[in-house]
1. Could you list all residues from the stretch 63-90 that are open to solvent by 90 Å² or more (accessible area, probe 1.4 Å), outside any loop (DSSP other than H, G, I, E, B) and of a type in the set (A, V, I, L, M)?
2. Which members of the stretch 3-62 meet the condition of being surrounded by 11 or more Cβ atoms within 10 Å (Cβ to Cβ) and basic (Lys, Arg)?
3. One residue is enough: does the stretch 42-58 have a residue meeting the conditions touching a residue at least 12 places away in the same chain (Cβ under 8 Å) and not in a helix (DSSP H, G or I)?
4. Starting from the stretch 14-38, keep only residues that are farther than 16 Å from Asn3 by Cβ, then list their pairs with residues that are open to solvent by less than 60 Å² (accessible area, probe 1.4 Å) and of a type in the set (Gly, Ala, Ser) whose Cβ atoms are within a distance under 6 Å, requiring at least 6 positions of separation or different chains.
5. Say we look at the stretch 40-87 and pick out the residues that are modelled with pLDDT under 95 and among the small types (Gly, Ala, Ser); which of these is nearest to Glu18 (Cα to Cα)?
Amino acid sequence: MFNTHVKAVRDLRNNYPELASIIKNRDHVIITNNGKSEAVLIPYEEFSKYEEFLHIRYVKEKLAEAEKAAENPGKWMSTEELFNEWDSWE
């Protein structure tokens, strides 16, 4: 498991080597500004995994929407109707 450290935004400039060391140990750093949380520093590998997770979740949601829409064929156009509509755009 990882540890979470809280550091002020000034530490990004003044103590970056310490922050980099924390992140290399797979810990997280919450950056605060005037006592309020503003950002989180995490190892790049974790960020990549998080982005992949979000992408997969998005695709699953869109597939679920498409499956639900496919259950109601009355809303669908036939291919011929679609091509006729496209032809009318000219």
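1. The answer is Leu63, and nothing else.
2. Hits for the stretch 3-62 are Lys7, Arg10, Arg26, Lys49.
3. Yes: one or more hits.
4. As it stands, the answer is Thr32/Ala8, since those pairs meet every condition given.
5. Among them, the one singled out is Ala64.
The values are calculated or read from the model by the stated rules, or taken from the named source; none is laboratory data. Treat the numbers as computed from the prediction; the structure is a model and nothing was measured. Cβ: placed from backbone, ideal geometry, glycine included. Neighbour counts: every protein chain shown. Protein only, heavy atoms only, side chains kept; ligands, DNA and RNA dropped before computing areas. Shrake-Rupley method; radii C 1.70, N 1.55, O 1.52, S 1.80 Å.
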